[in-house]
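Notes follow the structure.
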Amino acid sequence: MLPGIVTGDEEEEPGEEDCPELVPIETKQREEEEKLGPGPKIPVTIITGYLGAGKTTLLNYILMEQHSKRIAVILNEFGEGSAVEKSLAVSQGGELYEEWLELGNGCLCCSVKDSGLRAIENLMQKKGKFDYILLETTGLADPGAVASIFWVDAELGSDIYLDGIITVVDSKYGLKHLAEEKPDGLTNEATRQVALADIILINKIDLISEEELNKLRTAIRSINGLGQILETQRSRVDLSNILDLHAFDSLSGISFQEKLQYVPTAQPHLDQTIVTITFEVPGNVKEESLNVFIQNLLWEKNVRNKDGHCMEVTRLKGLVSIRDKPQQMIVQGVHELYDLEETPVSWKDDTERTSRLVLIGRNLDKDILKQLFIATVTETEKQQTAHFKEDQICL
Ligand SMILES: Nc1nc2c(ncn2[C@@H]2O[C@H](COP(=O)(O)OP(=O)(O)OP(=O)(O)O)[C@@H](O)[C@H]2O)c(=O)[nH]1
Ligand SMILES: [Zn+2]
């Protein structure tokens, strides 16, 4: 919550009376414990966005909305303004504070002040009590780090999966936040949050004109060409558009394929260095070679653009055709993590086989990446390493 923010009409403010009644968690504990079993995997949706953009408003809205889910919420900060946050804001002298409360409608709330990892571990001990997790990051967080925890943590991997990342953008201040310059040419937080998003909520549209909205939309689109942009007031959105997205797994395969067809390579906007680029190379790729290509980009970070700047990939998505695999494969990457998964969809025939990649990140050059992809997926190992001379390595 940003002090002094323009909030519009106050009557619409969620009041104390809107908050579901809190009941002590112990009352249902024993009965629930008996029901514990392996159960299905639990989806996690990360809600991020700049300070005061409307994350908590979205969280409250989801909790209040009628849905059949029992939602567990992890807040990794305390705010002043919202009903849910208020009910949880019991100070513990700056220590790690964590408390679980069950809301009247079956939702579960947890508030933590650390990175959230401990909360997740504790949360999983309460398995069976909830079937969806929402996590609100702090306004200045890089959601990539949080997403990484959920995505492939070996211990948690069997119980939960990352469903998607929602970034809430404040209409009124969004452009300003995106244009903010950081020392040493670092990418500002707002841009990083938009770059990672599966869903971008342009919130508080009551505060801006259609023209301003168009500008903001264009700026967001130029950073992230893949995420779906939705416009909201008080973060009100059809829940089916933002939950159960399966944005990180192969269940999204079919729609994902369609989506990838229409990702434009945008012109950089606002002088920002994060852009979305996309390219397609017909035919098959070798799995090992694809791994080399991705690892050079995500791990070694040794690929440079024309100006000699290192490319940094924040998000990577692609549909690829791997030699000898009948199914279409999805590749997904967030910062340094990536994985390759089979989709239920098979290639109809060899002529259809193609690989299409979408990369969101800094200093990306479409032509260089495409050439490198063509070269590394077809060349021998010896030739591949020749692409990356010692002195080219980016640190
Ligand atoms: N005018 C207007 N105000 C809104 C809208 N959505 C949220 N707000 C207000 O914006 C302020 C910030 O909303 P929050 O939901 O607390 O934002 P947040 O992103 O959780 O903030 P932090 O956790 O502090 O980063 C609150 O006063 C909200 O009532 C909207 O669509 N229009
Ligand atoms: Zn908040």
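The values are calculated or read from the model by the stated rules, or taken from the named source; none is laboratory data. A quick note: this is a predicted structure, and the numbers were derived from the prediction, not measured. So basically every Cβ, Gly included, is an ideal-geometry build from the backbone, and we count neighbours across all protein chains shown. The area values use the complete protein model at the heavy-atom level, side chains included, leaving out ligands, DNA and RNA. Shrake-Rupley method; radii C 1.70, N 1.55, O 1.52, S 1.80 Å.
Where strands (runs of 3 or more DSSP E) fall wholly inside region 275-386, the ranges with 1 or more residues that are acidic (Asp, Glu) and open to solvent by 60 Å² or more (accessible area, probe 1.4 Å) are 312-320, 337-346. The residues listed here are LEU207, LEU216; of these, the one that is without any contact (Cβ under 8 Å) to a residue 60 or more places away in the chain and touching a Gly at 6+ places or on another chain (Cβ under 9 Å) is LEU216. Residues in region 201-240 that are among the small types (Gly, Ala, Ser) and in contact with an Asp or Glu (Cβ under 8 Å, 6 or more places away or on another chain): 1 in all. The set of residues in region 162-211 being in a helix (DSSP H, G or I), acidic (Asp, Glu) and within 14 Å of ligand 1 (Cβ to nearest atom) consists of GLU189, ASP206.
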